[in-house]
Amino acid sequence: MFIQEILIPVAYLVSAVLFIMGLKQLSHPKTAPRGNQTAAIGMLIAIIATLLYRDVIDYTLIIAGIIIGGAIGAYVARTVEMTAMPQMVAIFNGFGGGASLLVATAEFYRLITGMEAIAGFTMTAIGLSIIIGGITFTGSIVAFAKLQGIMRGAPILFKGQQIVNSILLIGTVTLTVLAVMVGAEAGFYIPAIIVVALILGYMFVIPIGGADMPVVISLLNSFSGIAAAATGFVLLNNALIISGSLVGASGIILTNIMCKGMNRTIWNVLFAGFGGEDYAPGEGVPVTQKPVKSYEPEDTVVIFENARQVVIVPGYGMAVAQAQHMVHELEKILEAKGVKVKYAIHPVAGRMPGHMNVLLAEANVPYDNLFDLDQINPEFEETDIALVIGANDVVNPAARHDTASPIYGMPILDVDRSRTVFVLKRSMNPGFAGIDNELFYNDNTIMLFGDAKDTVTKLVAELK
Amino acid sequence: MNADLLILIYVFVLAIFVGFEVITKVPPTLHTPLMSGSNAISGITIVGALLAAGFTELHITTLWGDLNITAVLGFVAIIFATINVVGGFMVTNRMLKMFKHK
């Protein structure tokens with residue numbers, strides 16, 4: 001009695017508190033590793049407490065499941081490349097959603113075989129867990145496939161897509177209502193809800209372009225939390241409800257930040273079929289017609305040597321070219337010459353929230369040198385050189401003033417306000433939004449064409 | 001509506017507020033570890049999975065003989081949730097160790 005009614009609930013409360021404390025410690029890079037450990041201890045306590053339940057009789061499946069899952073999880077966590085972090089998080093979200101779906105379904109079968117009456121409330125929660133968990137599961141698999149390149153990034157669109165998706169969504173809700181009405185007789189409806197929810201998850205993500213995946217994985221992150229919370233209502237378990245809500249809130253905040261960074265609403269991301277990788281160049285401004293200034297790396301040495309502050313603006317192109325380690329070399333050489341070097345990180349610089357920071361941290365760039373948009377923008381006026389590496393739309397001044405531009409209103413890094421702007425770029429091809437960048441034609445902009453890694457390597461050699 | 005249920009809803013709503021308060025304080029630099037770490041936390045579903053897989057006295061007669069659907073579903077759920085928990089915390093730890101001070 002003591003174990004069941006006092007010890008276990010108290011243990012759950014302790015783990016919930018540890019999760020909150022862990023997340024709180026994530027507010028600074030110094031305390032963050034401890035925060036992660038705090039949360040992990042919370043999880044361990046929750047697991048041990050659960051095993052004390054007297055209903056848990058057989059440990060065979062439990063041990064087997066933990067060994068299999070633990071081995072897969074540990075292997076992935078050790079081997080994943082930092083550039084592949086978005087797809088790893090995507091697939092993990094999917095597993096979280098899938099687990100919630102399975103647990104809710106398992107509870108349904110436990111209740112009907114135990115000949116227990118199923119309350120309308122419990123059945124509603126089972127339905128919601130399955131719907132949200134199912135959407136998260138297949139939706140995350142599609143997001144993973146698109147990011148991993150298994151599926152093409154371009155939106156898959158067809159006529160009447162919105163209507164089909166609406167019907168599927170209404171279908172899941174209707175089936176849940178029917179299941180609630182028949183209670184323990186819902187043996188047919190539960191598998192039906194699962195199937196429709198899984199199809200819905202797939203259909204929901206296929207029309208979203210590869211470039212919009214940061215928003216999608218943030219949203220699915222939130223869903224995986226909400227699914228866990230819904231399962232908490234099925235099991236009447238506060239640990240699940242609290243942890244699920246925390247994750248749900250976190251995902252929503254990140255989704256919001258990503259949308260703001262791209263100047264889009266969540267509805268526009270989800271339903272506009274925008275952001276394929278293979279966008280055609282925009283019409284209007286003819287590409288490469290206007291003159292640009294282009295230098296070779298050796299021509300830049302004098303400018304670098306007279307600089308006091310250099311701001312490096314990395315984009316995903318830098319990570320694709322694997323240039324981050326060389327960029328860090330350049331940073332060290334400049335610092336040795338007494339130049340102040342800072343990095344300006346746009347919210348959507350990588351493929352998921354905060355991705356660019358991790359990529360730079362991996363290349364040993366200290367986090368004190370990383371500045372976000374609001375911190376760095378006032379500094380460009382006093383910056384001698386802005387070094388744009390593999391970024392494009394996030395430095396296009398048209399976002400500030402050209403009301404006709406598709407990116408008008410998007411928050412950008414004001415690199416054009418610095419004395420000189422070097423743009424490292426492969427060619428004059430436009431970015432993913434398919435629009436020309438007026439930055440390239442400014443008087444103070446100098447283009448350094450070529451592979452980003454080669455160019456930075458040459459810069460390093462020249463400055464040594 | 002019964003009182004127990006009402007308390008669960010209270011907990012849910014208050015936890016969302018706590019989540020917003022705590023997570024808005026996480027700097028953008030740490031958003032990727034935040035995501036992978038919160039991923040691990042959402043693996044809390046493992047609690048439900050353990051309960052389901054631990055039940056053995058229930059059997060349903062199916063075409064393939066007697067089967068304990070609850071335990072089987074729970075078993076798969078444990079695998080999924082453990083991938084999330086172990087993978088999530090480990091990868092977060094790996095990333096956070098890379099963040100260095102000047």
Rounded to 10°, Cα long-axis angle of helix A:161-182 versus longest principal axis of chain A: 20 degrees
Residues in segment A:77-117 that, when all protein chains are in place, have 50 Å² or more less accessible area than the chain alone would give (probe 1.4 Å): A:Ala77, A:Met82, A:Phe92, A:Phe95, A:Leu102, A:Val103, A:Ala106, A:Tyr109, A:Arg110, A:Thr113
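Using per-residue counts of other Cβ atoms within 10 Å, averaged over each peptide, order A:156-164, A:259-267, A:123-131 from highest down.
Peptide ranking by packing, descending: A:123-131, A:259-267, A:156-164.
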Helix B:31-42 axis, angle to chain B major axis (alpha carbon atoms, nearest 10°): 20 degrees
Largest-first principal axis extents, alpha carbons of the protein assembly as shown, Å: 82, 51, 41
Residue-normalised accessible area of the protein assembly as shown, expressed per residue, 1.4 Å probe, Å²: 40 Å²
Exposure ranking of B:Tyr10, A:Tyr109 by accessible area [1.4 Å probe, largest first]: B:Tyr10, A:Tyr109
Nitroxide proxy distance, nm - points 7 Å out along Cα→Cβ at B:Phe20 and A:Gln322: 4.5 nm
Fraction in percent of alpha-carbon pairs per bin - 10 Å, segment A:35-83: 20, 40, 30, 8, 1
Those residues of segment A:50-86 whose amide nitrogen sits under 16 Å from the label point placed on A:Leu7, 7 Å along Cα→Cβ: A:50-57
Spin-label model distance (nm) - A:Gln375 vs A:Ile163, 7 Å beyond Cα toward Cβ: 5.1 nm
Protection proxy ranking of A:302-308, A:347-353 - average other beta-carbon atoms within 10 Å, highest first: A:347-353, A:302-308
Of A:Lys260/B:Lys25; A:Lys290/A:Lys453; A:Lys260/B:Lys97; A:Lys342/B:Lys100; A:Lys293/A:Lys425; A:Lys30/A:Lys260, pairs whose Cα-Cα distance is over 19 Å: A:Lys290/A:Lys453; A:Lys260/B:Lys97; A:Lys30/A:Lys260
Using θ = phi - 60° and Karplus 6.51 cos²θ - 1.76 cosθ + 1.60, couplings along segment A:371-377 (whole Hz; Gly, Pro as x): 10, 8, 3, 5, 6, 8, 4
Test item: A:31-44 mean partner chain Cβ contacts at 10 Å: 6
Residue-level accessible surface for A:Asp443, protein heavy atoms, 1.4 Å, Å²: 130 Å²
Chains B and A, summed buried accessible surface - 1.4 Å probe, Å², nearest 100: 8100 Å²
Crossing angle, helix A:452-463 versus chain A [Cα axis fit, 0-90 degrees, rounded to tens]: 50 degrees
For segment A:93-278, average projected area of the Cα convex hull in nm²: 10.3 nm²
Rounded percent of accessible protein surface that carbon and sulfur make up, the protein assembly as shown, 1.4 Å probe: 64 percent
Neighbouring partner chain Cβ atoms per residue of A:355-367, average, 10 Å criterion: 5
Accessible area of B:Leu34 in the full protein assembly, 1.4 Å probe (Å², nearest 10): 0 Å²
Inter-part distance where segment A:381-403 and segment A:346-377 are each reduced to a Cα centre, Å: 16 Å
Added length on full extension, which subtracts the Cα-Cα distance from 0.36 nm per residue, A:Lys260 to A:Lys30: 80.0 nm
Estimated [θ] at 222 nm from DSSP helical runs (n ≥ 4, -39500 (n - 2.57)) normalised by residues in chain A, nearest 500: -18500 deg cm²/dmol
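The values are calculated or read from the model by the stated rules, or taken from the named source; none is laboratory data. All of these numbers come straight from a predicted model, not from anything done at the bench. Methodologically, a virtual Cβ is constructed for each residue, glycine included, from the backbone with ideal geometry; neighbour enumeration extends over all protein chains shown. When the accessible area is computed, the model is the full protein with side chains, heavy atoms only, and any ligands, DNA or RNA have been set aside. Shrake-Rupley method; radii C 1.70, N 1.55, O 1.52, S 1.80 Å.
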